[in-house]
1. So which residues in the stretch 30-61 are farther than 30 Å from residue 105 by Cα and either at pLDDT 85 or above or among the small types (Gly, Ala, Ser) (or both), if there are any at all?
2. Residues in the stretch 5-48 that are more than 30 Å from residue 138 (Cβ to Cβ) and either over 25 Å from the mean Cα position of the chain (by Cα) or in a loop (DSSP other than H, G, I, E, B) (or both): how many?
3. Are any residues in the stretch 123-149 assigned to a loop (DSSP other than H, G, I, E, B) and of a type in the set (D, E, K, R), and if so, which ones?
4. I need the full set of residues from the stretch 85-135 which are among the small types (Gly, Ala, Ser) and within 30 Å of residue 60 (Cβ to Cβ), in order please.
5. Among the residues of the stretch 51-107, write down those that are crowded, with 18+ Cβ neighbours inside 10 Å, β-branched (Val, Ile, Thr) and outside any strand (DSSP E or B).
6. How many of the residues in the stretch 36-50 are open to solvent by 40 Å² or more (accessible area, probe 1.4 Å) and touching a residue at least 40 places away in the same chain (Cβ under 8 Å)?
7. Please list, ordered by first then second residue, the pairs with beta carbon atoms under 9 Å, 6 or more apart or interchain, first in the stretch 1-20 and open to solvent by 100 Å² or more (accessible area, probe 1.4 Å), second not in a helix (DSSP H, G or I).
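The values are calculated or read from the model by the stated rules, or taken from the named source; none is laboratory data. Only a predicted model underlies this, so the values are computations on that prediction, with no experimental measurement involved. Cβ coordinates were reconstructed from backbone atoms using ideal geometry, including for glycine residues, and neighbour counts include every protein chain displayed. We work out accessible area using only protein heavy atoms, side chains counted, and drop any ligands, DNA or RNA first. Shrake-Rupley method; radii C 1.70, N 1.55, O 1.52, S 1.80 Å.
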Amino acid sequence: GINLAEAAALFRAANLPVFSIGVGTDKAEPDIQLADVMSDSIVFVGDTIQVPFTLRLQEIGTQSIKVQVRNADNNALLSEQTVNGQSGQDLASGTLTFNAEQAGNLRMVVEALPVPGEKLTDNNSLQRTIEVRDQAIQVLLVQQAPSYE
């Protein structure tokens with residue numbers, strides 16, 4: 001249809017009264033958005049991987065929010081953390097920690113599990129890929145003078 005300004009102009013020109021009735025609520029729907037996930041792009045087998053995350057909270061109130069990181073290929077749970085949301089709190093953060101067990105590309109999905117009443121869940125997860133290498137690190141140390149090292 002036409003936009004409201006055009007419709008109002010047509011009603012005004014026809015001298016028709018408009019009675020508006022407000023519906024709905026002024027309170028937003030509960031929503032959790034996984035706003036940011038950081039991770040190293042390359043790690044080595046046996047390394048501890050830390051994945052800091054930030055949640056954007058809307059009308060959550062005081063409740064616990066579970067955040068999980070899973071292997072996207074086989075859906076195996078790698079780590080889980082519970083974040084406590086408080087009334088009036090807009091952001092929450094935490095860090096998921098797990099070990100790199102085998103070499104290759106690790107596609108991981110970080111997901112905040114939905115809370116009761118949350119309808120929009122598409123923004124609850126993010127995917128990242130980490131390259132896990134199985135090789136020794138070679139370091140060249142250059143000093144000013146010889147030493148026993």
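1. Taking the stretch 30-61 as the starting set, the residues that turn out to be farther than 30 Å from residue 105 by Cα are 30-31, 57-61.
Matches in the stretch 30-61: 30, 31, 57, 58, 59, 61.
2. Just the residues of the stretch 5-48 that are more than 30 Å from residue 138 (Cβ to Cβ), to begin with: 5-37.
Okay, now just the ones that are also either over 25 Å from the mean Cα position of the chain (by Cα) or in a loop (DSSP other than H, G, I, E, B) (or both), so 5-30.
Of the residues in the stretch 5-48, 26 are more than 30 Å from residue 138 (Cβ to Cβ) and either over 25 Å from the mean Cα position of the chain (by Cα) or in a loop (DSSP other than H, G, I, E, B) (or both).
3. First, pick out the residues of the stretch 123-149 that are assigned to a loop (DSSP other than H, G, I, E, B): 134-149.
Once the filter is applied, which keeps residues that are assigned to a loop (DSSP other than H, G, I, E, B) and of a type in the set (D, E, K, R), the stretch 123-149 yields 134, 149.
4. If we filter the stretch 85-135 for residues that are among the small types (Gly, Ala, Ser), which is where we start, we get 85, 87-88, 92-94, 100, 103-104, 112, 117, 125.
Matches in the stretch 85-135: 85, 87, 88, 92, 93, 94, 112, 117, 125.
5. Hit for the stretch 51-107 is 60, nothing else.
6. We begin by selecting, within the stretch 36-50, every residue open to solvent by 40 Å² or more (accessible area, probe 1.4 Å); these are 36, 38-42, 44-48, 50.
Remaining after also requiring touching a residue at least 40 places away in the same chain (Cβ under 8 Å): 39-42, 44-48, 50.
Going through the stretch 36-50 one residue at a time, the tally reaches 10.
7. These pairs meet every condition: 10/2; 10/16; 12/18.
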